[in-house]
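The values are calculated or read from the model by the stated rules, or taken from the named source; none is laboratory data. Source: prediction; values computed, not measured. Ideal geometry is used to build each Cβ from the backbone, glycine not excepted, and the neighbour counts take in all protein chains shown. The protein model used for the area step is the full one, side chains on, heavy atoms only, and it has no ligands, DNA or RNA in it. Shrake-Rupley method; radii C 1.70, N 1.55, O 1.52, S 1.80 Å.
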Amino acid sequence: MSDKNYLTTDYTLRSWFLTTDHKRIAILYFASLIFFFFIGGAAATAIRIELATPQADLVSSDVYNRLFTMHGIIMVWFFLIPSIPNTLGNFVVPLMIGARDLAFPRLNLMSWYIFMLGGCITLFAILAGGVDTGWTFYTPFSTLYSNSYVIVAAAGVFIAGFSSILTGLNFIVTIHRLRAPGLTWYRLPLFLWSLYATSVILVLATPVLAITLLLMATERFFGVGIFDPRIGGDPLLFQHLFWFYSHPAVYIMILPGMGVINELVSCFSRKEVFGYKFVAWCSVAIAAVGFLVWGHHMFVSGQSLVASLVFSFMSFIVAVPSAIKVFNWTATLHKGSIHFDAPMLYALAFIGLFTIGGLTGLFLACLAFDVHATDTYFVVAHFHYIMVGGMVTAYFGGLHYWWPKITGRLYSEYWARTAAVLIFFGFNLTFFPQFILGAEGMPRRYHVYPPEFQVWNVLSSGGAAILAVAYLMPLFYLGYSAFHGRRAPANPWNAPGLEWQTSSPPPEFNFASQPVVTRAPYQYNEHFQAEPQNA
Amino acid sequence: MPERSAFAPQYASIPHRDHTAELGMWVFIATEVLLFGGLVLAYFVYRHAFPQGFAAGSRHTEIVIGTANTAVLLTSSFLVAWAVEIFSPVTAKIVTWLLIAAACLGLVFIMLKGIEYSREYDEHLVPGIDFQLAGPKANGVQLFFVFYFVATAIHALHMLIGICLLITLAVICRKAPTTRHHTALHSAALYWHFVDVVWIFLFALIYLPGRSSS
């Protein structure tokens, strides 16, 4: 085999936009997600600048509403949900199981096009008219009062949902059917267990969101009372249907992140993951129980007390598998030979931030406290700790970990570590003050607030400035490394996973010969040496 | 994608390839179950809230057309199953005709549905546009018809997709069918049967409530 790899087989635009190679599709997703991340980030920046003072001096309340809606919609549906599965997952799933591609390569390309179509429609809605409903599209506001771009935005989300479904379907079938000989379920890397669990949620929850948005559009177009109480409808039904998707969606965001962390913690402490089977089944448990907790978003909605108690109880239960994972990571670190490379710094940041986010989640699962904290900055801080501190940090960690495999280049370790530390610092400075703000009673989605909250808001905005710089840094040093970095060896981290046994970057169909798996994953302590297969 | 002998193949064997495709269809059907599941949930919530309105609304539906459609759809499902069962290069011609017949029955279903819709339009039963029913049960009846129209329209959309699938397969299977086509046909048949099963649920939910007590 010549030195051709998947990046150099063909240079035409056509070869990129009609590719069925999972690696190239991952790159397509990667580029589009950077785009959406910075749009969502720009909205967040505007929000934080506005909140630096208690008055409305930057934007009007109407524009402010549109800004946080734009931030929410873009970040949730066009960054957080697709990020790890569609970029890192797309790239490494076939590599990790020793397959030459996903089970349905053309479907994979189609899901990227669907994703982009949905993204463009939503972006159009946001830029043309602006949507001010918040990312939740709560009825009857979205169906009766807000402008009609809300339906366009929802249509974009609806379309993007198909992309999620198809990706999840592809992963499930691939992981079931295309594992290399010898790769039993208990030899599967934990990242794949978590992606599998994520895919099950994608496949089972997303259609419910689709039907919800469809009913919302029906109500809006025909003025019928599905959710409008004047004509017999019930706005609570919207919330039930919406959160039946959107709470599991939180696990769509965090489970792949947890999966990445397993790989990183194990690799950079040179140890087998502690309690492999527990970690694996905890992903499945989180996915399963995650379907039964949606009502904790509705504690103050007027649902029955019994329902609230049940949902509160289930929310406590779902914390158990998450906690098991955290304990297993720390146990893996214990007496490990820890290397503080950039991916490991991200992983350690993840463990800290996710723990804070998870514990405050328990506060909110507690009925009495939740009534106090509902719709305050405490909630905002909590879910940003999970979704940004957890998910985005894990995404960056995974990106750095697999970067040599994806591009065949090494990045500047110095800048990568600096960015990781800055992200951790900036993140905490941004969001920790929001816990205090929330506990003191500052409501979310307000752009004018009493002056006594200003100290914490200024701290938070200052942290956001640091965070913005820290998030921009990888754009430069990774961008530089993609073209000018040192050549990466096939296995720069000396890791035992199958994906490291092919060259960096991998050839078009991944492996020259069908790999055969003969050992459990994460055998770092066996003086493992990778056999270069394509040398 | 061209097969390159220099690389490990994607599938170990032909059955391996076929089972992979089939699993894909089953997972897809799982998402469809949840899609219709959301609708059926909404239906039950409102039927619980307006039992009399729903019974009254149900009595306004065209049960003759609904029953005829059920029969049409079951027959077409039977033809598709038959086609899958006898599929082989020798029987290509029969398979093609069976698929075309099934697709035609699908079109008959759509046509009957259209007649049904136009009658409901004439009776002013379309919510939002010209719903004209007053009285204490009006809200319930209107919600029933919201559910009726949304569910049957989505079902009809699935039918149209299925009809296109069947016709495409009929054209492909006409000449030199291979195991690959059998897999495609098998997956399409799974989809068609699923759409059929959804209809049976919808039939029970739409046409039957309130009929026995009247």
Partner chain coverage, peptide A:240-251 - average Cβ within 10 angstrom: 1
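What average count of beta carbons from other chains do you get within 10 Å of the Cβ of residues in B:132-144?
Per-residue shielding by partner chains comes out at 2.
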Extension gain (nm, one decimal) between residue A:523 and residue A:185, 0.36 nm per residue minus Cα-Cα: 120.1 nm
Selected from A:15, A:513, A:56, residue furthest toward positive end of dipole (the protein assembly as shown; charges at beta carbon): A:513
Candidates B:172, B:129, B:200, ranked by Gaussian network fluctuation over chain B, Cα under 10 Å, top entry: B:129
Candidate lysines - alpha carbon under 25 Å from residue A:271, same-chain residues fewer than 8 apart omitted: A:325, A:335, A:405
Modelled FRET efficiency - R0 51 Å, residue B:176 with residue A:469, Cβ distances, 0.05 increments: 0.20
For the stretch A:288-367, Kirkwood radius (reciprocal of mean inverse C-alpha pair distance, Å): 14.4 Å
Accessible surface buried upon A-B contact (total; probe 1.4 Å; Å², nearest 100): 3400 Å²
Where only C-alpha atoms are counted, convex hull volume of the stretch A:47-171 per residue in Å³: 109 Å³
Selected from B:80, B:198, B:171 as most flexible by GNM, with chain B as the system and alpha-carbon contacts under 10 Å: B:171
Scattering curve values for the stretch B:41-178, log₁₀ I(q)/I(0), Debye with Cα scatterers, q = 0.15 Å⁻¹: -0.77
Sequence-distant residues sharing a close amide H with residue A:376 (under 5 Å, placed H): A:444
Residue B:129-residue B:19 FRET efficiency (beta carbon distance; Förster radius 41 Å; 0.05 resolution): 0.30
Cα-based radius of gyration of the stretch A:220-339 once divided by 2.2 N^0.38 Å, which approximates compact folds: 1.45
Listed residues B:173, B:104, B:164, most fluctuating in chain B (Gaussian network, C-alpha, under 10 Å): B:164
Rg over Rh, two decimals, the stretch A:27-93 (C-alpha only, Kirkwood Rh): 1.14
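In debye, nearest 20: dipole of the protein assembly as shown around its Cα centre with unit charges on the Cβ of K, R (+) and D, E (-)? It would help to have the intermediate numbers written out before the result.
Numbers: 38 positive and 35 negative charges, 304 e Å.
Around 1460 debye, computed over the protein assembly as shown.
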Volume of the Cα convex hull of the stretch A:155-204, divided per residue and given in Å³: 64 Å³
Gained length - residue A:221 relative to residue A:337, 0.36 nm times residue gap less alpha-carbon distance: 35.6 nm
Acute angle (nearest 10 degrees) that the helix B:14-49 long axis makes with the longest principal axis of chain B, alpha-carbon atoms: 0 degrees
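Apply the Kirkwood formula to the stretch A:163-292: the hydrodynamic radius equals the inverse of the mean of 1/r over all pairs of different alpha-carbon atoms; give it in Å with one decimal. Mind dumping the intermediate values first?
Numbers: mean 1/r = 0.0605 Å⁻¹.
It works out to 16.5 Å.
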Scattering profile of the stretch A:366-416 at q = 0.13, 0.21, 0.27 Å⁻¹ [log10 I(q)/I(0), Debye over alpha-carbon scatterers]: -0.51, -0.78, -0.98
With Cα atoms, 0 to 90° folded angle of helix A:149-177 axis to chain A main axis: 30 degrees
Point-charge dipole on Cβ atoms (K/R +1, D/E -1) for the stretch A:380-473, about Cα centre, debye to 20: 340 debye
Efficiency of FRET between residue B:71 and residue A:230 - r from beta-carbon atoms, R0 60 angstrom, step 0.05: 0.90
In range of the label at residue B:26: residues from the stretch A:140-176 whose backbone nitrogen is under 15 Å from the point 7 Å along Cα→Cβ: A:169-170, A:172-176
Dipole of the protein assembly as shown, positive end: most advanced residue of B:168, A:202, A:116 [Cβ charges, Cα centre]: B:168
Semi-axis lengths, Å, the stretch B:109-214, gyration tensor of Cα atoms, sqrt of 5 times eigenvalues: 38, 14, 10
Residue among A:430, A:65, A:469 farthest towards the positive dipole end of the protein assembly as shown, charges placed on Cβ: A:469
Per-residue [θ]222 nm for chain A (sum of -39500 (n - 2.57) over DSSP H runs n ≥ 4, rounded to 500): -21500 deg cm²/dmol
Proportion of all alpha-carbon pairs of the protein assembly as shown beyond 48 Å (%): 21 percent
Nearest-ten-degree value, helix A:61-75 long axis tilted from longest Cα axis of chain A: 30 degrees
Rg in Å to one decimal, and Dmax rounded to a whole Å, for the stretch A:260-399 via C-alpha atoms: 16.4, 53
10 Å Cβ neighbours from other chains, averaged over peptide B:34-46: 6
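Just the ratio, please: alpha-carbon radius of gyration of the stretch B:175-214 over 2.2 N^0.38 Å, N its number of residues.
Rounded to two decimals, the normalised Rg is 1.95.
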Cα shape, the stretch B:2-106, gyration tensor, a/c 1.5 rule: oblate
